[in-house]
Amino acid sequence: MTEYAFARAKREALEAVRRALGEPVDLPVVLPPAEVNADLAIPCFPLAAQRRKSPPEIAGDLARAIQPGPTFAAAEATGGYLNLTLARPAFASSVMSELIRLGDRYGSNAEGAGRTVVIDFSAPNVAKPMSVGHLRSTIIGAALYKLHGFSGYRLVGDNHLGDWGTQFGALLHAYSMWLDGDAYEQDPIAELLRLYVKFEEEAGKDPSLRDRAREWSLRLERGDPDARRLWEEFVRHSMAEFQRTYDLLEVSFDHTLGESFYEDKTREVIEQAVARGIAVEDEGALIIRLDNAGITTPVLLRRRDGATLYHTRDLATAIYRIRTFRPARILYVVGSDQRLHFRQLFAALRELGFGDVEYVHVDFGLVRLPEGRMSTRRGRVVFLQDVLEEAIERARALVDEKNPELPDSERESVARIVGVGAIKYADLSQSRIKNIVFDWNRMLSLEGDSAPYLQYTYVRARGIIRKAGDAPPAEPFDARAAASAQEWALIKHLSRFPEAVHDATHTYFPHVVANYLFQLAQLFHTFYHEIPVLQAEDEDLRRSRQHLVGGAATVMRTGLDLLGIRVPERM
C-alpha cells in the first residue's frame, strides 16, 4: 500500500515515541486543535497507569527525548499531549512531489489489488418512476464504487431491480380492472403508477382485492403467458424511464439483474437449506430459524401456497454473486429500514455455508417530505427526474447571468454539470445515516457549502494556471512557498487527502471526502486572496506557488470525481 507523506509523518512520530520509551506502544497520532501551534499531537493518557506518571510528566519526558531532525522541527508538551511541529521544507517538498508525480492518481492505493467487491445499489422498483428517495442508494453506491476502484479493488456494480414479487400481482390486477389505454400509450409509467395507487386505495376498502393480487402473482410466477407478457412490457417501459435518469446522473452499472433473474435459482436454495437441516416446516411454510445468531424472526423461504419470497431470491442472488464473481466483500447500499432483513440474510448465508465473504449493509437514512415519509402507495412522492431537471434549469439561469459570452452549447453543458452536481453534493455532504427532510432550496443550493462553490474553486485555480501558461516544469519545490500560514495550511490539508479517501472507503461514508473538499475550498480561497501567485517576487517562488495551485485543482477535481461530480473548466 502506498505510504503518503502525511501517513509517513504519523508513523515516524509514533516510532520516535517508541524509541524514547523503549517499548512498542500503540498510541493515536491526531491533529491538534487549531489554537495549538503544532502539526501533530500524541495523547499520553493511555500510558499513565502503566508508567505510574501523570500524562503531563510523560509528555514532558518525551518532548525532551525527541530531538529536531529531518521530519520534526520541534517537540513540546502541552498538558498530557506531546505536540510535534513538522519540518516545513522537507514535508512540503514531499507532499508536492507526490502531487506532481501522481496527478489524478494522488490519494489512490493498491490495498484492494486481487480482491473483488460487489456493490448492490440503486435497485428501483419496476413500473414506478424513481423518486428522490432513490437518489441516496444510487449516488452513495456510485461513490463507493469509485472509492473502492481508487483503492485497487476489482469492481462489480449490480443494479438489483425490483421486478418481481407480490406488488406485480397488485399491478396486474389493477391493469385488468382500471386501465386507461390512451394514458398508458402516452406515458406508460405514469399510468402504471396511477393504477398502483388506485389498487392500494381500493384494497383499503375491499381487502379481498389482496387475494386477487396474490392470484395474479402466482400466475406470473408459474409462467402464465398473459401475466408474463404484461410483466415484460412493464419492465421494458421502466428500463427506458430509468435510463433517462441514470443518464442525467451519469451513473452506470456492470450488471442490471432484477429479482426475476434469480427466480429459477430459488429451488436450489431451498434444496440446499433442507439438505443442511436448517430449513423446517412451520404451519405449511418453510423457514430458517436464526436463534443461534440472536435473531428471533426466522427467514421465510417458501409460503404455504408454494410461492417464494424476497428473502429466497436475495439468498439466491448472493450465492450467484459468490459463485460468479468470487468477491471478498458484498456491499448492499439499502435504507436503514431494512436492517433486520439484512441481519437475517447474512445469518442465513452463513448457515448455508457461505461464511467466507464479508457482508456489509451500507444503510442510510430516509428522505422524508415535510408532511411525513414518502409513500408511492399514497401517491405522496417527489420524482427524481423532476428534481434533476429543475436543478439544471436553475443552474442554466445562473450560468446565463454570469457567463453570457459562452457559446449556448457550453452554457448548457455547464448548467448540467453544476445542476446535477448540486443535487449529488447536497446529499453526499451529509452523513448517510441521517434522515433527510426534502427541501427544494437545500437540495438545489448553488451557494455556501455546495457543489457549485467547490466547482468554482476548481475553475478559479485552473484560471490561474491557464494565465501562467499551464503547469510549469516539475522542478524542486521551493520551500519559501510553504513559509506563510496560508501556504502551510493548504499544503498540510493537501497532504491529508489520501487519509480522507481511505477513511471514506473503509467506513463507507462518502461525506468524509465531501467535507474534506469543502475545507480545501475554504483554505484555497484564503490563500488566493492573500498570497500572490503570478506576481510572486521571483520565478522559483512563482513556479512553486503555481504547483501549489495546480495541486489544489487536482485534488478538488479528483475528490469531486470520486463523489460522481464533474467539474467545468469555466463557469
Q: Quickly run through the range 240-279 and pick out the residues that are of a type in the set (D, E, K, R) and under 30 Å from Ser413 (Cβ atoms).
A: Glu241, Arg244, Asp247, Glu250, Asp254
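Can you tell me which residue is surrounded by the fewest Cβ atoms within 10 Å (Cβ to Cβ) among those in the range 87-108 that are charged (D, E, K, R) and over 13 Å from Thr2 (Cβ atoms)?
Asp104
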Q: Scan the range 441-459 and give yes if some residue there is more than 19 Å from the chain's Cα centre (by Cα) and farther than 21 Å from Leu560 by Cβ, otherwise no.
A: yes
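With among the small types (Gly, Ala, Ser), more than 35 Å from the chain's Cα centre (by Cα), within 16 Å of Gly79 (Cα to Cα) and assigned by TED's automatic domain parsing to the domain that holds Pro70 as the only criterion, which of Ala41, Ala16, Ala48 stands out?
Ala48
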**Q.** Residue, surrounded by the fewest Cβ atoms within 10 Å (Cβ to Cβ), within the range 1-44, restricted to residues that are in contact with a Lys or Arg (Cβ under 7 Å, 6 or more places away or on another chain) and not in a helix (DSSP H, G or I)
**A.** Pro24
Q: Could you list all residues from the range 401-429 that are surrounded by fewer than 18 Cβ atoms within 10 Å (Cβ to Cβ) and touching a residue at least 12 places away in the same chain (Cβ under 8 Å)?
A: Lys402, Asn403, Leu406, Glu410, Glu412, Ser413
Q. Among the hydrophobic types (A, V, I, L, M, F, W, C), more than 28 Å from Tyr332 (Cβ to Cβ) and in contact (Cβ under 8 Å) with a residue 12 or more places away in the chain, is that true of Val501?
A. no
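Return the only residue of Glu259, Glu268 being within 28 Å of Ile322 (Cα to Cα), of a type in the set (D, E, K, R) and within 32 Å of the chain's Cα centre (by Cα).
Numbers: Glu268 fails: within 32 Å of the chain's Cα centre (by Cα).
Exactly one residue qualifies, and that residue is Glu259.
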Q | Sole exception among (1) farther than 25 Å from Asp427 by Cα; (2) crowded, with 22+ Cβ neighbours inside 10 Å for Gly60, by number | A | (2)
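Residue-wise test of (1) closer than 30 Å to His506 by Cα; (2) in contact (Cβ under 8 Å) with a residue 40 or more places away in the chain.
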{"position": "Pro33", "(1), (2)": "yes, no"}
{"position": "Cys44", "(1), (2)": "yes, no"}
{"position": "Gln67", "(1), (2)": "no, no"}
{"position": "Thr78", "(1), (2)": "no, yes"}
{"position": "Leu84", "(1), (2)": "yes, yes"}
{"position": "Ala92", "(1), (2)": "yes, yes"}
{"position": "Ile100", "(1), (2)": "yes, yes"}
Q) When only residues in the range 213-251 that are among the acidic types (Asp, Glu) and crowded, with 18+ Cβ neighbours inside 10 Å count, which is farthest from Arg136 (Cα to Cα)? A) Glu221
Q) If you check Gly149 against the conditions, is it within 29 Å of Ser260 (Cβ to Cβ), surrounded by fewer than 19 Cβ atoms within 10 Å (Cβ to Cβ), out of contact with any Pro (no Cβ under 9 Å at 6 or more places or on another chain) and not aliphatic (A, V, I, L, M)? A) yes
Q: Count, please, the residues in the range 477-499 that happen to be under 16 Å from Tyr106 (Cα atoms), outside any loop (DSSP other than H, G, I, E, B) and charged (D, E, K, R).
A: 2
Q. Arg210: modelled with pLDDT under 95 and surrounded by fewer than 17 Cβ atoms within 10 Å (Cβ to Cβ), yes or no?
A. yes
**Q.** Output for the range 275-284, where each listed residue is touching a residue at least 12 places away in the same chain (Cβ under 8 Å) and either within 20 Å of Phe354 (Cβ to Cβ) or touching a strand residue (DSSP E or B) at 6+ places or on another chain (Cβ under 6 Å) (or both)
**A.** Arg276, Ile278, Ala279
Q) Does Leu331 meet the test of being closer than 30 Å to Arg115 by Cα, assigned to a strand (DSSP E or B) and touching a residue at least 12 places away in the same chain (Cβ under 8 Å)? A) yes
**Q.** Residues of the range 508-565 satisfying the condition of being part of a helix (DSSP H, G or I) and of a type in the set (S, T, N, Q)
**A.** Asn515, Gln519, Gln522, Thr526, Ser544, Gln546, Thr554, Thr558
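For (1) of a type outside the set (S, T, N, Q); (2) not in a strand (DSSP E or B), each residue gets a yes or a no:
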{"position": "Ala77", "(1), (2)": "yes, no"}
{"position": "Thr85", "(1), (2)": "no, no"}
{"position": "Val95", "(1), (2)": "yes, yes"}
{"position": "Asp104", "(1), (2)": "yes, yes"}
{"position": "Ala113", "(1), (2)": "yes, yes"}
{"position": "Ile119", "(1), (2)": "yes, no"}
{"position": "Leu144", "(1), (2)": "yes, yes"}
{"position": "Val156", "(1), (2)": "yes, no"}
Q: Could you grab me the full set of residues in the range 121-142 that are assigned to a helix (DSSP H, G or I) and either without any contact (Cβ under 8 Å) to a residue 24 or more places away in the chain or not basic (Lys, Arg) (or both)?
A: Val132, Gly133, His134, Leu135, Ser137, Thr138, Ile139, Ile140, Gly141, Ala142
Q) Which one is surrounded by the most Cβ atoms within 10 Å (Cβ to Cβ) among residues in the range 274-324 that are over 19 Å from Asp264 (Cα atoms) and among the hydroxyl-bearing types (Ser, Thr, Tyr)? A) Thr297
Q: Could you grab me the full set of residues in the range 450-470 that are surrounded by 18 or more Cβ atoms within 10 Å (Cβ to Cβ) and part of a loop (DSSP other than H, G, I, E, B)?
A: Ser450
Q) Out of (1) over 13 Å from the mean Cα position of the chain (by Cα); (2) part of a loop (DSSP other than H, G, I, E, B), the odd one out for Gln167 is which? A) (2)
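The values are calculated or read from the model by the stated rules, or taken from the named source; none is laboratory data. As the structure is a prediction and not an experimental result, all values here were calculated from the model. In this analysis, Cβ positions are derived from the backbone assuming ideal geometry, glycine residues included, and neighbour counts consider all displayed protein chains.
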